[in-house]
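One structure below.
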């Protein structure tokens, strides 16, 4: 499974779980990105949605705060990786900590840096510079 397929699957699972808590299905699902997964909900993908749609912008702020809080909690349980400051990004200091401490159960094994393979490093650099296809999902109901 590649990163796009994983993103689509994660988005579908997240929306399905949220919809299960609602009294009815959403009228529209807004996605900050360039594509929608093949789900049964009406939806709209908006490239740069956080800059163009106030609903997506607000959700992006809430999601970032939640992610940052989770990374700070992980840092308290797994010291030494710098998660309280890098909030999950693969900074050089974090990569050094991975080499020194090894991965935790929270590190993605399939996306681990491989310093011994220059081709992989170039691909990773391109991935970091390219926009993420999916960022935030918003459900709207009336």
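The values are calculated or read from the model by the stated rules, or taken from the named source; none is laboratory data. Only a predicted model underlies this, so the values are computations on that prediction, with no experimental measurement involved. Virtual Cβ from ideal backbone geometry, glycine too; neighbours counted across all protein chains shown.
What to note about this one:
- Every residue from region 34-67 that is within 17 Å of residue 8 (Cβ to Cβ) and in contact with a helix residue (DSSP H, G or I) (Cβ under 7 Å, 6 or more places away or on another chain): 37, 39, 41, 46, 49
Conditions tested, residue by residue: (1) touching a strand residue (DSSP E or B) at 6+ places or on another chain (Cβ under 7 Å); (2) touching a residue at least 40 places away in the same chain (Cβ under 8 Å).
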{"residue": "5", "(1), (2)": "no, no"}
{"residue": "14", "(1), (2)": "yes, yes"}
{"residue": "38", "(1), (2)": "no, no"}
{"residue": "52", "(1), (2)": "yes, no"}
{"residue": "75", "(1), (2)": "no, no"}
{"residue": "78", "(1), (2)": "no, no"}
{"residue": "82", "(1), (2)": "no, no"}
{"residue": "92", "(1), (2)": "no, no"}
{"residue": "97", "(1), (2)": "no, no"}
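- Condition check for residue 105: closer than 25 Å to residue 2 by Cα and assigned to a helix (DSSP H, G or I): no
- Verdict on residue 123 being closer than 22 Å to residue 10 by Cβ and modelled with pLDDT under 70: yes
- Checked against the criterion of being outside any helix (DSSP H, G or I), more than 15 Å from the chain's Cα centre (by Cα), surrounded by 13 or more Cβ atoms within 10 Å (Cβ to Cβ) and modelled with pLDDT of 90 or more, the candidates 45, 58, 75 yield just one match: 45.
- Counting only residues that are more than 27 Å from residue 110 (Cα to Cα) and exposed (fewer than 13 other Cβ atoms within 10 Å of the Cβ), region 1-21 holds 2 of them.
- Candidate set from region 22-39 (those that are within 19 Å of the chain's Cα centre (by Cα) and part of a strand (DSSP E or B)); member that is surrounded by the most Cβ atoms within 10 Å (Cβ to Cβ): 32
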